[in-house]
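A short write-up of the structure that comes next.
The values are calculated or read from the model by the stated rules, or taken from the named source; none is laboratory data. Remember, it's a predicted structure, so these values are computed and weren't measured experimentally. Neighbour counts run over all protein chains shown; Cβ positions are idealised from the backbone, glycine included.
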Amino acid sequence: MMNRENIDYVQSAIGYHFKNERLLVQAFIRKSYSQEHPEVQNNEVLEFYGDEALDLYITKMMYKKFSKISEGTFISEKNEGELTKLKSVYVSKHTLAQCAYNAGFYLYLYLGQSDIKNEVQKSASVNEDLFEAIVGAVAVDCDWDFKVIDKVCETMLSMDSMNSYLCVLVLEKCHELGFGEPENIPRLRQPQTLEDMRPHNFWEVRIGCQQGQIAPDPKTGLYEYGISINDKFFSGTGLGPFQAKMAAECKALNYLCHEEIKRKIKKVDYSNPVSQLHEFVQKQIIMEPIYTFSEYHDSDGNPIWRCTVSLEGIPKSFTSEAVSKKEVKQEAALQLLKFFIETEIEESKEWETPVFYTGGARFWSDEMKEEMKKIMKHDFDNGGNE
């Protein structure tokens, strides 16, 4: 099911904001749901149109990449068979499904009882259909503006290279640890210039998002996204909202894994850290630590051992140096062990959310109020046009 936050996230992730958001919601409605709720329309026809739009996008992309006109003659680097194989890879069920799944879109599907019972939301075919339905909804909403469609297709297809399971892992671990639902918080910003506050711009800001714009930091050009879990807040930045959300999820997942390990560790023996870590491995509390060794000689020609230990799920490694290989391994293992027990995961500083009022904005100075009055009067006197 989709709420305001989900709708904003999907629009930010695909890089397109709908004029008619009901089309976006319809893209997530499965036939099984519409059969139980006859008053709503499902996504099957949108899926059909999305499939056609995607085919055209891929065909145009291959044309630009592999073809050219030379002395009035059309030349292609690939023959028909090769292009057919390439197209089947670009729009394969696996590719499209992975993209939709990676973005966590399946979490917002409207499912009938039969679909819920069979847990179809994670299947490749359902995620492929969802991908195409979203593209179809964009095509209908933008009245088949192929510049818009091409940009959305490019953005959505890039999602297959992202970390696929972050949003799912964060959600599942929150439930396992009894933290409930994580709260996803995109960084919203108030208009930065008086031009942004003109009625035609402000209307889009106020209606498009209840409390501000999902926009990059004007100084850095980066988007920000936050996740609140168990009264802790983690934020990430990225070139787009989707990348920023993933960066925040990485920090949140690190905290959740750390918390899970601390809960499972009841008693710690610091006298033999290597043995203690091995015991945790046997109890399936942690993965097997990876130790790497190197040797060098100091200025006096004495051998010095260096050991680095790392562990899957931990964002840093730990290094120690000593004269004996056994000693250096114990010292590196001790650092890792203390990290589990003693380190608190650093939180991000929470943002101050900008506030908008229905019909107008809150201004900070009388000067800005007067400037806004002049702008609005000028626009009114000119019939709303310049």
Specify the residue that is nearest to LYS329 (Cα to Cα); the eligible residues are those in the stretch 261-275 that are at pLDDT 90 or above and assigned to a helix (DSSP H, G or I).
-> VAL274
Of (1) touching a strand residue (DSSP E or B) at 6+ places or on another chain (Cβ under 9 Å); (2) part of a helix (DSSP H, G or I), LEU56 satisfies all except one. Which?
-> (1)
Which one of these is free of Cβ contacts under 8 Å to residues at least 12 places away in the same chain and either in a helix (DSSP H, G or I) or farther than 30 Å from GLY15 by Cβ (or both): SER320, SER299, SER294?
-> SER299
Would you please list the contacts, defined by Cβ atoms under 6 Å and residues six or more apart or on different chains, that run from a residue in the stretch 82-98 that is among the small types (Gly, Ala, Ser) to a residue that is part of a helix (DSSP H, G or I)?
-> ALA97/ALA124; ALA97/ASN127; ALA97/GLU128
Scanning the stretch 111-156 for residues that are of a type in the set (Gly, Ala, Ser) and without any contact (Cβ under 8 Å) to a residue 40 or more places away in the chain gives SER123, ALA124, SER125
Give just the number: which of (1) at pLDDT below 95; (2) acidic (Asp, Glu); (3) touching a Gly at 6+ places or on another chain (Cβ under 8 Å) does GLU132 not satisfy?
-> (1)
Taking the stretch 33-51 and keeping only residues that are of a type in the set (S, T, N, Q) and either in contact with a strand residue (DSSP E or B) (Cβ under 9 Å, 6 or more places away or on another chain) or not assigned by TED's automatic domain parsing to the domain that holds ALA97 (or both), one is left with SER34, GLN41, ASN42, ASN43
Failed item in (1) surrounded by 17 or more Cβ atoms within 10 Å (Cβ to Cβ); (2) closer than 21 Å to ASN6 by Cβ; (3) within 18 Å of the chain's Cα centre (by Cα), with LEU157 passing the rest = (2)
Could you please give the count of residues in the stretch 77-92 that are exposed (fewer than 13 other Cβ atoms within 10 Å of the Cβ) and among the aliphatic types (A, V, I, L, M)?
-> 1
Lone qualifier among TYR57, TYR110, TYR101, TYR106 - being touching a Ser or Thr at 6+ places or on another chain (Cβ under 7 Å), within 25 Å of CYS142 (Cα to Cα) and in the same structural domain as GLN26 (by TED's automatic domain parsing) = TYR101
Does TYR49 meet the test of being aromatic (Phe, Trp, Tyr), modelled with pLDDT of 90 or more and touching a Ser or Thr at 6+ places or on another chain (Cβ under 9 Å)?
-> no
Exactly one of (1) touching a strand residue (DSSP E or B) at 6+ places or on another chain (Cβ under 8 Å); (2) surrounded by fewer than 20 Cβ atoms within 10 Å (Cβ to Cβ); (3) of a type outside the set (A, V, I, L, M) is unmet by ARG4. Its number?
-> (1)
